[in-house]
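One structure below.
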């Protein structure tokens, strides 16, 4: 992709404090982004609430703000610094949620700021469990039987259809935060209460359990010209049911046939195209 000459300054949203599902890899990627963008001649403004990171070192950015990564705080920074673009993809779930809220509140339009690295629609489609499920069906990918719930009553109705064990995942949370596997009604109600509280949209996706299945991951990159590359395939040593953050992983995948690998390759590219991802 050619260098963009229509933007001169970029606001990078950091990941904030280290939490489960969002750790040091975002500090590393954010620090590398600061270096790369400054080398290309862009003015870099950084917002991160965690001072104990490499990316908040004084030499990393032209202007650094150690402030909460909240849309109202970021709006004030945008008003002062007037960046041409905002880059949320280096800050994980925290930054993506903040960028989405900036878009919804009209802040980006108000100050003429372009979101780069992702679009608001792509973030929303990937994070909103209902939209993601519809998108997967549209491209012909099978998904586990599931349902959406916004209240405990709706959740119990979905559970009656899906059955136990089932997997509960709140929308717009990172790394499975607030979710879990329920084997009975008591566990189900406990997880749903926690998930509804932690989801910023009070939304849960309840899936039938796939515990025991083999688990694979594909690292894929796509650009605006629809060029896609598979960085690597990853095989989880542990079966489904063990969080991928707790599982031993092997790259590249060891037990796939070439035909199975090509199916996964084509599916992962189809997912990127349907969601509208134009980065990694």
message: Just checking: which of the strands (runs of 3 or more DSSP E) contained wholly in the stretch 12-97 hold 1 or more residues that are under 21 Å from residue 279 (Cβ atoms) and under 23 Å from the mean Cα position of the chain (by Cα)?
response: 43-47, 85-87
message: Quick check on this structure: which one of 188, 172 is crowded, with 18+ Cβ neighbours inside 10 Å, outside the structural domain of residue 93 (by TED's automatic domain parsing) and out of contact with any strand residue (DSSP E or B) (no Cβ under 7 Å at 6 or more places or on another chain)?
response: 172
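Criterion first (more than 27 Å from residue 97 (Cα to Cα), surrounded by fewer than 20 Cβ atoms within 10 Å (Cβ to Cβ) and modelled with pLDDT of 90 or more) does residue 160 satisfy it?
Details: more than 27 Å from residue 97 (Cα to Cα): yes; surrounded by fewer than 20 Cβ atoms within 10 Å (Cβ to Cβ): yes; modelled with pLDDT of 90 or more: yes.
The answer is yes for residue 160.
Considering each of 123, 77 in turn, give the residue that is at pLDDT 95 or above and within 25 Å of residue 32 (Cα to Cα).
Working: 123 fails: at pLDDT 95 or above.
Just a single option satisfies the conditions, and that option is 77.
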query: Looking at this structure, is residue 245 on the phi > 0 side of the Ramachandran plot, out of contact with any helix residue (DSSP H, G or I) (no Cβ under 9 Å at 6 or more places or on another chain), part of a loop (DSSP other than H, G, I, E, B) and at pLDDT below 90?
result: no
task: Please verify whether the stretch 225-239 includes one or more residues that are in a loop (DSSP other than H, G, I, E, B), in contact (Cβ under 8 Å) with a residue 60 or more places away in the chain, outside the structural domain of residue 153 (by TED's automatic domain parsing) and over 21 Å from residue 137 (Cα atoms).
output: yes
query: So residue 208 clears everything in (1) more than 23 Å from residue 119 (Cβ to Cβ); (2) surrounded by fewer than 16 Cβ atoms within 10 Å (Cβ to Cβ); (3) touching a residue at least 60 places away in the same chain (Cβ under 8 Å) except one condition, right? Which one?
result: (2)
query: Quick one: which of 226, 197 is under 22 Å from the mean Cα position of the chain (by Cα) and at positive phi?
result: 226
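The values are calculated or read from the model by the stated rules, or taken from the named source; none is laboratory data. Small disclaimer: the values here were computed from a predicted structure and weren't measured. Cβ sites come from the backbone with ideal geometry, for glycine too, and all protein chains shown count toward neighbours.
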